1. At 7 Å along Cα-to-Cβ for each site, give me the label-to-label distance between Arg59 and Leu87 in nm.
2. Please list 54-60, 95-101 highest first by mean number of surrounding beta-carbon atoms within 10 Å per residue.
Amino acid sequence: MLKSLSFTTIVALWALGAFSKSSAAAALVHNNDNQRSLAPIGDSKSYSTKAVVAYYYSRGEGDRSKNVSGFTNPAHGVYCITPSVILNFSKIYPHVTVEYGASAGATLSAFWADESSDCPQGSLTVLTYDNYGNPSSAVAFDFTVE
């Protein structure tokens, strides 16, 4: 009888785990209506990240930044991020990724450039492109310097 009880307990626990996972999956699928499930808490201008400099460009839907004193868009698909902290530009490795939730289009790309004639000295440059390789203002992105 002890073995039967143990087996029954194991089956019950397995079933409980299976139902909780399927319920969570159903909730995730149900929430697929283009609403953002994560929202910034508190100050919407600061990041909770270990990056030295960070900028989230959302195409006008609530940009966020950390250690950034200026952000400009001097040309189509060109973005200048001016850090508010001193960086050794010869030893940093910026990282930029496309944020598709706030972007318009598909097969988009974003790159950082070591320098640009469009951006002021001491700023970091992000270049964005559409799926045809043309500069694009339809690209939202996350930019970090760790």
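1. 2.4 nm
2. Top of the packing list down: 54-60, 95-101.
The numbers here are math on the coordinates, done by the rules we state, and not lab data. Computed from a prediction, not measured in an experiment: that's the story for all the values here. Quick reminder, even Gly has a Cβ in these numbers, built from the backbone with ideal geometry, and neighbours come from all protein chains shown.
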